[in-house]
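Have a look at the structure below before the remarks.
FYI, it's all coordinate maths here, none of it is from the lab. Predicted model only: the values in this text are computed from it and were never measured. Using ideal geometry, Cβ is built from the backbone for each residue, glycine included, and neighbour counts are taken over all protein chains shown.
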């Protein structure tokens, strides 16, 4: 049900994206901190929407569809704006590229495997990746508007590189699982051997 609280929390992550993007264009400390606050709130809803859906038995098809999309839209928008506003520059842009490419790869794999009725569980390492990534993005959103004694940009950039490394590892894990299922699917039009009779190899 789209109007259930878990789904509303998921939709709120999509709804704040224009606000966060717009605040990037305001060169003021309050705008950076507001954008970071909205982003942090969205990250918190990412935990609570799934948790509430499970304990209230309100898990739904639309919720399972929207949840990963909301996360990817929010992260992608923030990464693009960080590069556009030069808060993420030089070789560090590659970390953002790795994260974005992994999101596209995993989305494609999940879509393909869903057609085979195969689910891909989220690993503990992937959860760590997401946590580190969100914290790093929060620091980068604040950037030079943070307290002078806290190097927000440096902390955020280092965190993003750690997330990119974990992104590469988890992306490979998902790819390996996807390929194993692809290899197990017989080619379209290929005749299946009768029960009890092994398939002949050429």
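Extending 7 Å from Cα along the Cβ direction at residue 85 and again at residue 144 yields two label points whose distance is 1.3 nm.
Counting other Cβ atoms within 10 Å as a rough exposure proxy, the listed residues 24, 48, 139 run 48, 24, 139 from fewest neighbours to most. The simple spin-label model puts a point 7 Å past each Cα toward its Cβ; for residue 28 and residue 111 those points are separated by 4.1 nm. Neighbour counts of other Cβ atoms within 10 Å put 113, 101, 74 in the fewest-to-most order 101, 113, 74. Per-residue extension of 0.36 nm, minus the Cα-Cα distance of residue 14 and residue 93, leaves a gain of 26.0 nm for this segment. Principal semi-axes of the equivalent ellipsoid, √(5λ) from the alpha carbon gyration tensor of the range 5-181, are 28, 20, 13 Å from largest down. One decimal place: the segment residue 158-residue 101 gains 18.6 nm when fully extended, by the rule 0.36 nm per residue minus the C-alpha distance. Per-residue extension of 0.36 nm, minus the Cα-Cα distance of residue 69 and residue 183, leaves a gain of 38.3 nm for this segment. Taking other C-beta atoms within 10 angstrom as a stand-in for reagent exposure, 89, 131, 167 fall in the order 89, 131, 167, fewest first.
Taking 7 Å steps out from each Cα toward its Cβ at residue 21 and residue 172 produces label points 3.4 nm apart.
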